[in-house]
Structure formats: C-alpha cells, structure tokens
Amino acid sequence: MPVPGERDGDIGPVAARLMERKRVGPGDLDRARQLLGTSGSTIEAMLSRMGLVSDTELAATMAEVLKFPLATAADMPATPPLRDRVGVDFLRNSHVVPLRDTPSGLDLAMADPRDDFAVNALRMIVHKPIRRHVAALGDIERALDRWAAPAAGVAATRRATGEDFDLVADATSNAPAIAFVQKLISDAVRRQASDIHIEPIDGGLEIRLRIDGRLIRVDDPPAHLADAVLGRVKVLARLDVAERRLPQDGRVRVAVDGREIDVRISTVPAMAGESIALRILDRSHLTLDVEALGFAGPIAAELTRLGDRPHGIILVTGPTGSGKTTTLYAMLSRLSRPEVKVLTVEDPVEFRLAGISQVQVQHGIGLGFARVMRSFLRHDPDIMMVGEIRDGETARIAIQASLTGHLILSTLHTNDAPGAVTRLMDMGIESFLISATVNGILAQRLVRTLCTDCRESRPATPTEKAYLKESLPDAAPPDALWHARGCPRCNGSGYRGRVAIGELLVMDDEVKSLVSAGAGQVAIRDAALRKGMTTLRGDALRHVTSGLTSLEEVTRVLPES
C-alpha cells in the first residue's frame, strides 16, 4: 500500500515541515521543482542535492513526519543479511539496506520509505513482512561500499555501439589493477570529485581527488601495481599504451551506481613517468539553472534580461575552475527552444546539451575557434556560444557576428568584470565596437558551502562586524557567524559543495560612453558601482551573513589586494 507523499505536484508533509522550520523557502522549492524535470526523484531529495538540507536532517525529518523508525550508521550491520539472495547493485539502485532478517519480518533501512518498489521486490524474495526504517542516503551508501569491497575487481566490456566502455563489477576477476581503478573512479564519483590526479613519484603513484576545488590525498595503489594502473586507465580511454613520450587525450563512459558518467582522460609525459588527469563529468550534478548556481536574485534577473536580447555579446570572466562554462550552459538551457538554432564551439565539450549542436575544436587539424565561428555564420544560427575568446581574430569574429544580429555567449580570463573591457582592447578591438556590441559582463568565482551536518555558530567579533558593515552598508551585521568544524560527512574539511558568486557589469548608456572614450577600468568600475553593481566580495559576504559559507572561505577565494 503506498505511503502518502509527494512526487511532482503538492510539496507533501516532509517539505512542508522543512518550510515550517525555515530550513527552505518558497524560492528553494520553486528551483527544486524546475530541476526535477522527469528525473523521478522527490522534491526533498532535490533539496538535499542542492545542498539546502543535509541527508541526515532529511532522514530525521522524514522519520518524524512519516512516523517511521530512524536508522543511523551504527545500526548498519557489518555482515549484510540476504547477501546470497540480493545483489548489492539492486540495493544501491534502490537506496535501501537490509538491517535484520528475523522470523517475524525484514527490517529495511530506506532513503525514502514511501518507495514501494524495493519493498515489494524484497517481500517476494523473503515471503515475510517488511518493516520500513528511514536512513540517511550517505549512511546507506557507505554501508553498501563496505559490503561491496570484497568484490575483487571489474571487467571492461565494449558497448554494442563500439563507442563507449562500461565498468561492470566482476566478482570472478582477480586483476588488482582493474579493481583499483574501478574503485578509484567509483569513490571519486560518489564523493562528487571533479578530477582525479594520478602522478608518478619515486617508488609508485600519488593519487589525489579535487573536491570542491581543493586537492585531497587518497590511498595510493601498491608500488608494484603502478604500471598496471596507468596502463588500465589508458586502455579504458583507448589510448596507445606503448606511447609514453607524447601527450594523449581520450574519453570513456563508465557506469557508477546505475548511472552513466563521462570521464575525460589526459596523459602528460613527466620526468618520473606518465602523469594522468581524469576529469569527471557527472551530468546528474549539472545544475542548469542560474539561480540554483547561487547568483542573487538581481543578478539572475538581469542575466535573464540580457539573454532575451536578440543580439549582442554576454561575457563571463574568471580564472580556470570558476564555473564559467556551467553558467553559460545554464543560460543556453533556458534560451534553447525549437524555434531557436543554437551552436557552440568548445575546447573541450564538457557536457552534451539536448537540442544544441556542439563542436569541439581540434587544433591538430587547424580547427580552432575562429575557423568554426566563420563556418557557423553560414548555418543561420540565432545564438552562438564560444568556449573562450583567446585572441583578436576570435574576438573580432564575435563582434562581427553580434553586429549582424546574433547573440554571442563567451568567456574571458580576467579577474573582474571591468577588466574584460581592457582585455578586449588589448586584443586590438576598437573601443567603439566594444561599447556597441557587449551587453553585459559577469565576473564569477566559486566558494565552498559549509557542511550542514557540522557547521557551528559563534559570536561575531567587533572587527568582523565592522568589516561586514563597511562591505555591506545597507545590511545590519549579524551578531553571530557560522564556521567550519569538520566531520566524516565532509571528510573533515567543514565544507560540502560550492556556490557561485558574481558581479555583473551591465553596459548601460553611461558605461558605454566611458568605454567609447577609452576610459580605464577604474572609471568603468566606479560608474557601475554608482549604478548599483554588487562586487564579487559583496555578493560573497551575502552568503556569509546567510550562513551558507564562512568569512574564512571568502577571504581565501578573494584575498585582500
């Protein structure tokens, strides 16, 4: 019998309780609904994935509201019941863990106790009642990881299409290198790492994961497996195993926890041996919504307005790894519709977007940004995205395309929004062309968000209050600030997930006049601030006062100049 709850329409009692406790607001629910799509997930699960509610708090709230017992990590058995009758893959895909198998029934820990599918399937196996318990998804996954660890390895099998590979658990395999690479990729995906770095050192390999922008060391393989691990990764990407003198690039699709993950693999010959970087492209964590990325309401609204213009250029600036491409993807996702033709040229294509023609540059055959853009103009596009404007030729083609009625989205490597104007001038673009074509410039960074399981509050010091008052003159400084502490859920860092901060320079009449006159970026910045532009620091401190991040994190990302 189905347990009452929501799936698509009404928010249901659990989300209502979270709203009642002010853990989420109406805007959070609206964004969660937009991101749900046809995923089949629940709105509560989406709120947790967005980082607004921890899975521990979600489980406790579900247990309270739906009147089910709460199971914790301590309740997870060391030896799995039904291990000879139920596979770990089924349990992982269903987000359940058997706790106890007794004559009177089976106790089952569930991330969502309203899900009848797993209950009905297990009831057919055990032929006895199922007693539902609620557990945090992270606790369930860690228990299943422990149970799956003895499985010795995996085998790579070629797909029927001949294009992709799939990593499939193979308990009969005894190849330690295969098992190590499988576990390394699976663990990285589950910990939401963006990259895996495998680097040769004297006597073996050093392996690090980039999580929330920071590199952390993980267990290295035994020294005698070093060559086998490197070879295994190259085989997966269909690279030349014998070639160790030249860089190589490849791509592989792997299956982790029932979903497909794209992994981009690059090798570089270093002094101590080949260094390999794996970029993890997990579409399930791709947020294609500008507000959900973290931008304040005014910035998101202004970006929407700029994107609705029929022509012109929108630039996103920031250093490597600041989320520029994701922001452009979010804008394209909103703009793409059947009556609009959208083309992109990228280096490389990070994610494949439905309904959009994406081209990857190939410098080895002379297919660069400028050449692809010239070809695009013969395909009657409405919107073009250029992965990066790197030189004057590409910049000039973008300018010409915008003048002939196209909307251009692109990125630049500058520290702030006004600096993009100077950068274009340095590329040889005349100031009057910049003022005539650029609609807006968004500078952005990513700051880590505090772990909701362990963050702690303490009184703000007089110095901190004075700093916040000076930086946010229109807001009263808070009496307390949240800080990172560290727990097992966040690997001791005190942070879990990242959010975008930005400053948006809108090219209004005053700014355009300054640009046309060749004004410097200081004059442009002053004019924009008078018109109400929020600086990167001001936007970041907005997240500090709301408890989403810490003052220490903002200082790390935006050090005082």
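The values are calculated or read from the model by the stated rules, or taken from the named source; none is laboratory data. Source: prediction; values computed, not measured. Quick reminder, even Gly has a Cβ in these numbers, built from the backbone with ideal geometry, and neighbours come from all protein chains shown. Ligands, DNA and RNA are excluded from the accessible area calculation, which covers all protein heavy atoms including side chains. Shrake-Rupley method; radii C 1.70, N 1.55, O 1.52, S 1.80 Å.
Points worth noting:
- Among the residues of the range 264-308, those identified as modelled with pLDDT of 85 or more, charged (D, E, K, R) and touching a Leu at 6+ places or on another chain (Cβ under 9 Å) are 264, 274, 302, 308.
- Pair list, Cβ < 6 Å and 6+ apart or interchain, from the range 448-472 residues that are open to solvent by 30 Å² or more (accessible area, probe 1.4 Å) to residues that are part of a loop (DSSP other than H, G, I, E, B): 452/54; 453/54; 453/487; 456/485; 465/477; 469/477
- The range 186-204 - residue that is over 23 Å from residue 323 (Cβ atoms) and open to solvent by less than 10 Å² (accessible area, probe 1.4 Å) and, of those, modelled with the lowest pLDDT: 186
- Looking only at the range 235-279, and only at residues there that are of a type in the set (Lys, Arg) and farther than 17 Å from residue 206 by Cα, the one that is surrounded by the fewest Cβ atoms within 10 Å (Cβ to Cβ): 245
- Members of the range 88-104 that are in contact with a helix residue (DSSP H, G or I) (Cβ under 7 Å, 6 or more places away or on another chain) and assigned to a helix (DSSP H, G or I): 88, 91, 92, 94
- Scope the range 473-504; condition among the small types (Gly, Ala, Ser), in contact with a Gly (Cβ under 6 Å, 6 or more places away or on another chain) and free of Cβ contacts under 8 Å to residues at least 60 places away in the same chain; matching residues: 486, 492, 494
- Note on the range 546-560: among residues that are among the polar types (S, T, N, Q) and modelled with pLDDT of 90 or more, the one that is surrounded by the fewest Cβ atoms within 10 Å (Cβ to Cβ) is 555.
- Members of the range 107-122 that are in contact (Cβ under 8 Å) with a residue 12 or more places away in the chain, closer than 23 Å to residue 84 by Cβ and in a helix (DSSP H, G or I): 117, 118, 119, 121, 122
- When residues of the range 69-106 are limited to those that are in contact (Cβ under 8 Å) with a residue 24 or more places away in the chain and closer than 22 Å to residue 452 by Cβ, the one surrounded by the most Cβ atoms within 10 Å (Cβ to Cβ): 71
- Residue count, the range 26-76 (criterion: at pLDDT 85 or above, over 21 Å from residue 489 (Cβ atoms) and out of contact with any helix residue (DSSP H, G or I) (no Cβ under 8 Å at 6 or more places or on another chain)): 1
- Spans of strands (runs of 3 or more DSSP E) in the range 338-397 with at least 2 residues touching a Gly at 6+ places or on another chain (Cβ under 8 Å): 342-346
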